[in-house]
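A.B. asks: Quick one: the structure is below, and I'll ask about it shortly.
The values are calculated or read from the model by the stated rules, or taken from the named source; none is laboratory data. Bear in mind the structure is a predicted one, so any value in this text is a computation, not a measurement. Cβ placement follows ideal geometry from the backbone for every residue including glycine, while neighbour counts extend to all protein chains displayed.
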């Protein structure tokens with residue numbers, strides 16, 4: 001599993017650099033044109049949460065995940081054991097279940113007011129780019145990390161299955177948050193299987209019917225299957241972010257951390 005984590009870290013850093021270069025040369029939205037300092041500050045704030053969340057997971061949840069995986073293995077408990085699957089089939093089922101859970105977890109974050117208070121920090125970014133993929137409140141990550149304990153037990157997955165899912169999923173998340181655009185035919189082809197930049201830009205619209213769509217993180221099948229898939233033609237007219245959260249008070253690091261305490265309505269009807 002350590003090898004998977006190392007490869008995932010190098011891949012994420014490499015893709016971050018590559019997408020930052022792409023955004024610089026051919027941005028989809030001209031959010032930071034002529035303002036490199038503002039872009040650096042924006043990236044720094046977003047990437048702060050990468051470090052903070054990684055430390056929290058390492059200190060607070062990694063041992064719990066390992067315990068759950070070992071408990072499932074010791075008791076032959078979970079879907080993989082009940083179905084008596086081969087190692088290869090078990091891995092595929094694990095990856096599908098993790099991605100299905102990620103879809104429903106994301107959807108619950110939009111439907112349950114308490115969870116939305118944390119998740120809206122991610123949506124409040126009015127200049128979405130590749131660094132937005134890292135912009136998740138510590139409270140949201142803590143809750144989702146805790147819920148992974150029963151999920152690992154239910155699936156009966158070894159911990160390396162989760163590590164591999166993260167290694168596959170996060171580059172897709174970085175890609176579809178990036179401030180880039182693909183030729184229409186290519187984006188349309190890719191989103192038969194994966195979430196694409198065009199698909200996820202719709203999700204980050206501040207118009208609520210679009211905000212509440214396209215929840216999946218990696219495989220686009222879940223939005224199609226559960227009726228939450230949505231596209232639009234005029235992507236350049238999308239207004240990113242959330243009404244009431246654009247000013248410096250809410251976009252500062254302190255303001256981002258305090259987002260769950262903010263009483264403002266966070267979705268445009």
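A.B. asks: Return yes or no: is residue 184 closer than 21 Å to residue 133 by Cα and either buried (at least 22 other Cβ atoms within 10 Å of the Cβ) or more than 13 Å from the chain's Cα centre (by Cα) (or both)?
C.D. replies: On the way: closer than 21 Å to residue 133 by Cα: no; either buried (at least 22 other Cβ atoms within 10 Å of the Cβ) or more than 13 Å from the chain's Cα centre (by Cα) (or both): yes.
No, not satisfied.
A.B. asks: Taking the range 1-21, which residues are touching a residue at least 12 places away in the same chain (Cβ under 8 Å) and either loosely packed, with under 11 Cβ neighbours inside 10 Å or more than 18 Å from residue 46 (Cα to Cα) (or both)?
C.D. replies: 1, 4, 5, 7, 8, 11
A.B. asks: Restricting to the range 66-81, what's the tally of residues that are assigned to a helix (DSSP H, G or I) and in contact with a helix residue (DSSP H, G or I) (Cβ under 6 Å, 6 or more places away or on another chain)? Step through it out loud before you land on a result.
C.D. replies: Taking the range 66-81 and keeping what is assigned to a helix (DSSP H, G or I), we get 66-75, 79-81.
Within this subset, residues satisfying the condition of being in contact with a helix residue (DSSP H, G or I) (Cβ under 6 Å, 6 or more places away or on another chain) are 66, 68-69, 72, 79-80.
Residues in the range 66-81 being assigned to a helix (DSSP H, G or I) and in contact with a helix residue (DSSP H, G or I) (Cβ under 6 Å, 6 or more places away or on another chain): 6 in total.
A.B. asks: Still on this structure: Just to be sure, is residue 128 part of a loop (DSSP other than H, G, I, E, B) and either in contact with a strand residue (DSSP E or B) (Cβ under 8 Å, 6 or more places away or on another chain) or buried (at least 17 other Cβ atoms within 10 Å of the Cβ) (or both)? Explain how you work it out, then say what you get.
C.D. replies: Values: part of a loop (DSSP other than H, G, I, E, B): yes; either in contact with a strand residue (DSSP E or B) (Cβ under 8 Å, 6 or more places away or on another chain) or buried (at least 17 other Cβ atoms within 10 Å of the Cβ) (or both): yes.
The answer is yes for residue 128.
A.B. asks: Looking at residue 238 and the list (1) within 15 Å of residue 99 (Cβ to Cβ); (2) in contact with a strand residue (DSSP E or B) (Cβ under 9 Å, 6 or more places away or on another chain); (3) free of Cβ contacts under 8 Å to residues at least 40 places away in the same chain, which single condition is not satisfied?
C.D. replies: (1)
A.B. asks: Further, regarding this structure: Tally up the residues in the range 195-250 that are under 23 Å from residue 43 (Cα atoms), under 19 Å from the mean Cα position of the chain (by Cα) and outside any loop (DSSP other than H, G, I, E, B), please.
C.D. replies: 10
A.B. asks: Which pairs have Cβ atoms under 6 Å, sit 6 or more apart or on different chains, and link a residue in the range 27-54 that is closer than 19 Å to residue 254 by Cα to one that is assigned to a loop (DSSP other than H, G, I, E, B) and modelled with pLDDT under 95?
C.D. replies: 38/32; 39/32
A.B. asks: Here are 74, 69, 63: which of them is at pLDDT 95 or above and crowded, with 16+ Cβ neighbours inside 10 Å? It would help to see each step written out before you state the result.
C.D. replies: Values: 74 fails: crowded, with 16+ Cβ neighbours inside 10 Å; 63 fails: crowded, with 16+ Cβ neighbours inside 10 Å.
Matching residue, one of 74, 69, 63: 69.
A.B. asks: Shifting gears a bit: Could you list all residues from the range 68-116 that are farther than 28 Å from residue 228 by Cα and in contact (Cβ under 8 Å) with a residue 12 or more places away in the chain?
C.D. replies: Matches in the range 68-116: 68, 69, 71, 72, 73, 76, 77, 78, 80, 81, 82.
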